[in-house]
1. Only residues that are of a type outside the set (S, T, N, Q) and open to solvent by 30 Å² or more (accessible area, probe 1.4 Å): list them for the range 73-87, please.
2. Identify, please: which residue in the range 129-153 is in contact with an Asp or Glu (Cβ under 7 Å, 6 or more places away or on another chain) and of a type outside the set (A, V, I, L, M) and is, among those, nearest to Lys38 (Cα to Cα)?
3. Regarding Val75, is this residue modelled with pLDDT under 95 and either more than 19 Å from Ser141 (Cα to Cα) or hydrophobic (A, V, I, L, M, F, W, C) (or both)?
4. May I ask you to verify whether Ala41 is in contact with a Gly (Cβ under 8 Å, 6 or more places away or on another chain), modelled with pLDDT under 95, at negative phi and surrounded by 16 or more Cβ atoms within 10 Å (Cβ to Cβ)?
5. Output the number of residues of the range 115-159 satisfying the condition of being under 27 Å from Tyr50 (Cβ atoms) and in contact with a helix residue (DSSP H, G or I) (Cβ under 8 Å, 6 or more places away or on another chain).
6. Determine the pairs where a residue that is closer than 18 Å to Gly143 by Cα, located within the range 79-103, has a partner that is among the hydroxyl-bearing types (Ser, Thr, Tyr) and open to solvent by 40 Å² or more (accessible area, probe 1.4 Å) with Cβ atoms under 7 Å apart, the partner being 6 or more residues away or on another chain.
7. Name the one entry in Gly90, Gly70, Gly119 that is surrounded by 19 or more Cβ atoms within 10 Å (Cβ to Cβ) and in contact with a Pro (Cβ under 6 Å, 6 or more places away or on another chain).
8. Can you tell me which condition Ala124 does not meet? The list is (1) open to solvent by less than 60 Å² (accessible area, probe 1.4 Å); (2) aliphatic (A, V, I, L, M); (3) more than 17 Å from Ala41 (Cα to Cα), and all the others hold.
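The values are calculated or read from the model by the stated rules, or taken from the named source; none is laboratory data. Note that the structure is predicted; figures quoted are calculated from it, not measured. Quick reminder, even Gly has a Cβ in these numbers, built from the backbone with ideal geometry, and neighbours come from all protein chains shown. For accessibility, only protein heavy atoms count, side chains too; no ligands or nucleic acids. Shrake-Rupley method; radii C 1.70, N 1.55, O 1.52, S 1.80 Å.
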Amino acid sequence: MRTLEIIAIIFMLIATGVTFGLYQINFQGFTHLTNYSKTPAYDLSGTRLYSNGTLLLNVTRTAGPDTYGGFIVLVQILYPNGTVLYQWTGQQLGMLPQSDIINEFPLHPAKPIHIGNYGVGILAPLGQNFVVKLQVPFHISPGTYIVRVYDADGQYKAYGTEFQVTVSVS
């Protein structure tokens, strides 16, 4: 019986070592442990900006904790040199009508968050794909622009990915 216990312990240690080793190799080796459930991340692929000032912000929340949503508190349209053309603050985003946010999945929808008459931002649940319709109060000249999104922690990048996309207006 003692031999069976020793064999079981050896196999348990081997299995643990292989599991740990493969995880570390998959996520940049043994020097840097990556935890994709720590910080929310967003993908803005498919975002479109029109000359009449309409921004269709296509957002997918790709990483972060699943126990609470990510909170988009700032959306900016930037010139290529980084100067802000127009931005929507958490106050403005939190007061958007729900009809301006189109969710791909009905379970756990993205929605504006407000406390009384004060807007906070947009709640973005993990895995949700949604489009936010925003309107700039003036026409946009033809050219290339950057659309950037900030999370509640003040970041616009995580895990080596920036929460921004380049769009063209023709």
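1. The answer is Val73, Leu74, Tyr79, Pro80, Gly82, Val84, Leu85, Tyr86.
2. That would be Asn129.
3. So Val75 fails the test.
4. For Ala41, the condition - in contact with a Gly (Cβ under 8 Å, 6 or more places away or on another chain), modelled with pLDDT under 95, at negative phi and surrounded by 16 or more Cβ atoms within 10 Å (Cβ to Cβ) - is met.
5. Residues in the range 115-159 being under 27 Å from Tyr50 (Cβ atoms) and in contact with a helix residue (DSSP H, G or I) (Cβ under 8 Å, 6 or more places away or on another chain): 6 in total.
6. Between residues of the range 79-103 that are closer than 18 Å to Gly143 by Cα and residues that are among the hydroxyl-bearing types (Ser, Thr, Tyr) and open to solvent by 40 Å² or more (accessible area, probe 1.4 Å), the close pairs are Pro80/Thr144; Leu85/Tyr79.
7. Gly70
8. If we test Ala124 against (1) open to solvent by less than 60 Å² (accessible area, probe 1.4 Å); (2) aliphatic (A, V, I, L, M); (3) more than 17 Å from Ala41 (Cα to Cα), just (3) comes out false.
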